[in-house]
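A.B. asks: One structure, pasted below without further comment.
Just so you know, all these numbers are worked out from the coordinates, no wet-lab data involved. Computed from a predicted model, the values in this text were never measured in an experiment. Here the Cβ is made from the backbone with ideal geometry for all residues, glycine too, and neighbour counts use every protein chain on show.
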Amino acid sequence: MKTALYIVLSLVAIILIYLRFSYGGSTTVAPVVSPTSMVSTPSPSPKVSLSETINNEYFTISHSSSATTSASRAPDSREWVISYMGEEQKKSGRTQTELWDGYVLAITRFETVGDDPDKLQAEVDRKGIIDACSEENATPIKSGKVGDYETITFYGGCLGEGDYHYLMLADTLYRLIIMAFGSDQAKLEYQVVVNSMLNSLRFK
């Protein structure tokens, strides 16, 4: 049991480090701000164009052609990451630092064992954030929604600031990590794009 827990904790750490350092920079610890509530923003604008699709044996999701996608595998999980670096960060020339203008949507699939694996994984992830930073850097776990799917969720403001969602479909656990960075206006625009992607998400 301890070995399995260490594996899960290691995978969580790897994913969070990948998301935070995917642009080659160092991380800074920031206190939690109020949750972004991405999935409850108004309906996406018709201007949002999602012209590309990820279609695998687990789900389909549409995304903008300007976003970057990647996938990696681990023994008991599989991760897909959709990310976008905004024009302000590109124009600044600071493209090799941590992402501060853009968005990230990461989907992870876990093979599960035992009871309530969604709650267990959420608790493990939340505790990892609290242990690395502080209690103030993670909100309590509560009910949430992503697109058409009911989830449990919390907001983590450290090691990758964003919304963490967990849902069970049959015997498979999915975790979605949603992040958006930028000025207030840019962040709202990114949230609309991310919401559009989430509304297109269909698990198989």
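A.B. asks: Calculate the translational D of the stretch 39-145 in whole µm² s⁻¹ from Stokes-Einstein, where the hydrodynamic radius comes from the Kirkwood formula applied to all Cα pairs, the temperature is 10 °C and the viscosity 1.306 mPa s.
C.D. replies: 94
A.B. asks: Past the 29 Å Cα-Cα mark, which pairs from Lys145/Lys187; Lys90/Lys145; Lys142/Lys204; Lys127/Lys187; Lys90/Lys127?
C.D. replies: Lys90/Lys145; Lys90/Lys127
A.B. asks: Under 8 Å for C-alpha pairs, at least 6 residues apart: give me the relative contact order for the stretch 56-165, rounded to a whole percent.
C.D. replies: RCO, the stretch 56-165: 16 percent.
A.B. asks: When 1/r is averaged over all different Cα pairs and the result inverted, which Kirkwood radius in Å belongs to the stretch 139-204?
C.D. replies: After inverting the pairwise mean of 1/r, the radius is 12.8 Å.
A.B. asks: Something else: Rg and Dmax of the stretch 132-174, Cα atoms, in Å?
C.D. replies: Final numbers for Rg and Dmax: 11.7, 34 Å.
A.B. asks: How big is the stretch 81-204 on each of its three principal axes, counting only the C-alpha atoms and giving the largest first in Å?
C.D. replies: Taking the Cα atoms of the stretch 81-204, the three principal extents are 49, 35, 22 Å.
A.B. asks: Please arrange Tyr174, Tyr149 by counting, for each residue, the other beta carbons lying within 10 Å of its beta carbon, fewest first.
C.D. replies: Listed from fewest to most nearby Cβ atoms, that is Tyr149, Tyr174.
A.B. asks: Something else: Tell me whether the stretch 44-99 comes out rounded, prolate or oblate; compute the Cα gyration tensor, take square roots of the eigenvalues as a ≥ b ≥ c, and use a/c under 1.5 as the rounded threshold.
C.D. replies: Cα axes put the stretch 44-99 in the oblate bin.
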